[in-house]
Amino acid sequence: MEYDLSEEERALQAMVRDFADDVVAPRAYEADRDHTLPLDVVAGMGELGLFGLPFPEDVGGQGGDLFALGIAIEQLARVDQSIAITLEAAVSLGAMPVHRFGTAEQRARLLPDLLAGTALAGFGLTEPDAGSDAGATRTTARRDGDEWVIDGAKQFITNSGTLITSFVTITAVTGERADGRGEISTIIVPSGTPGFTVGPAYDKVGWRASDTHPLWFEGARVPAANLLGEQGRGFSGFLQILDEGRVAIAALATGAALGCLEAALAHARDRVVFGAPLATRQNAQFTIARMQARVHTARLAWHHAARLHGAGRAFAAEAAVAKLVASEAAMDNAREATQLFGGYGFMNEYPVGRHYRDSKILEIGEGTSEVQLLVIARSLGLAG
């Protein structure tokens, strides 16, 4: 059974796989080496409709769902995680908050370009002192007449500094709750806003072609109408988005694990050691068999979580399981594929070497493995 894919889903999978092999893969090494996001590849994804996959047709989307998005992300991640995370972040963190919580005017103004892939948007949550503890947000936004005045800093923000980035949505403290803690809201900040500075791109270990920057806000003023959703509901709204994002990241991690498996298989068949193909050695066979088992398990996990989401059922715990299992599969497969490749695996020209560098962030971003374990433990009734 092909993981219970419909005919339409198989067609999507095949289309994106061809695009990944023919367009993305040939550019992956160069983009990684130059730390540059190829915007022509992004435009190609837009032409295929990938940025609009999980959105209704009446807002310019493709009428698909989270599962369809996962299929596309998995196939892209096989050959280039930087391109895959560009799509994932653009949809889950850029466009989805606007679709889910925006006013009719905000949706009409912002979604068309985002869903067409002609514009990107970032989501500024993480701060120097607020990572997993996102509730410790220090960025503030105070109301001054018909404007919000924003001060603070964000870090590790994807898609925040490209030539087609149109805005970032940030979390900021806009008041105080009854319990004395900060009231967190989300606010749209257009690119080019005075007082809003996008810092130099990070020199990252992996995902080097993905666009990632620190952001600073010094008296940045935006219209009061740029509030996204209800005031004081920004953090709870983001948690909903984060659960969906974890499923998408699990699909990305599965694709990375699959890419390592495919590369290891091809190498083992072609590589001759001591007069025989590496594939005839039992140690190599067992290593590759375990890699396949990890891909299979990771895919089933994210498929299950995505199907629950599509059915309107609770899926947060399953999303955490999928993210945990798939990210570990990606890291384990990258390590073992690199070992099979020997010295070649240590060269950036080879995809397994790039997967080895790229995959570690999958155990950190969108909730560390420890956070996933906490979510799972709580779903089992364990309190701490």
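Quick notes on this structure:
- Whole-Hz Karplus values for the range 177-190 come out as 7, 4, 8, x, 7, x, 8, 9, 10, 10, 9, 8, 10, x Hz, taken residue by residue from phi with 6.51 cos²θ - 1.76 cosθ + 1.60 and θ = phi - 60°; glycine and proline positions read x.
- Of all beta bridges that DSSP places with both ends in the chain, some 85 percent have antiparallel geometry.
- Distance between modelled label sites at Ala224 and Leu39, nm, 7 Å Cα→Cβ extension: 3.6
- Taking chymotrypsin sites (Phe, Trp or Tyr not before Pro) across the range 38-108, none is in a DSSP loop with at most 12 further Cβ atoms lying within 10 angstrom of its Cβ.
- Sparse-neighbour loop sites [GluC sites (Glu not before Pro); the range 315-379; at most 12 other C-beta within 10 Å; DSSP]: Glu349
- The range 98-124-the range 320-382 distance, computed between alpha-carbon centres (Å): 30
- Ordering Gly61, Phe19, Thr103 by Cα displacement along the dipole of the range 7-119 toward the positive end leaves Thr103 in first place; charges were set at the Cβ atoms of Lys, Arg (+1) and Asp, Glu (-1).
- For the peptides 210-216, 276-282, residues were scored by their other Cβ atoms within 10 Å and the scores averaged per peptide; the highest-first order is 210-216, 276-282.
- Each of Leu50, Leu380 was scored by other Cβ atoms within 10 Å of its Cβ. Listed from fewest to most, they are Leu380, Leu50.
- MRE, 222 nm, helices only [DSSP H, n ≥ 4, -39500 (n - 2.57), over the chain, to nearest 500]: -16000 deg cm²/dmol
- With a Förster radius of 22 Å applied to the beta-carbon distance between Arg100 and Asp58, the computed FRET efficiency rounds to 0.90.
- For Thr169, the amide hydrogen comes within under 5 Å of the amide hydrogens of Gly122, Phe123, Gly124, Val189, counting only partners 5 or more places away or on other chains and with H modelled in the peptide plane.
- Ordered by the count of other Cβ atoms within 10 Å of each Cβ, fewest first, Thr338, Thr186, Thr297 give Thr297, Thr338, Thr186.
- The amide H of Gln155, built 1.01 Å from its N in the peptide plane, has Thr126, Glu127, Leu215 as neighbours under 5 Å, considering only residues 5 or more places off or on other chains.
- Sites listed here are chymotrypsin sites (Phe, Trp or Tyr not before Pro) in the range 269-364 whose DSSP assignment is loop and whose Cβ has at most 13 other Cβ atoms within 10 Å: Phe274.
- Each principal axis of the Cα cloud of the range 288-384 was evaluated for its coordinate range; sorted largest first, these ranges are 47, 29, 20 Å.
- Neighbour-count ranking [beta-carbon atoms within 10 angstrom, fewest first] of Leu114, Leu382: Leu382, Leu114
- Alpha-carbon centroid distance for the pair the range 213-286 / the range 11-84, whole angstrom: 13
No value in this document is a laboratory result; all are computed from the given coordinates. Just so it is clear, the structure is predicted and the values come from calculations on it, not from any experiment. Backbone-built Cβ (ideal geometry, glycine too); neighbour counts: all protein chains shown.
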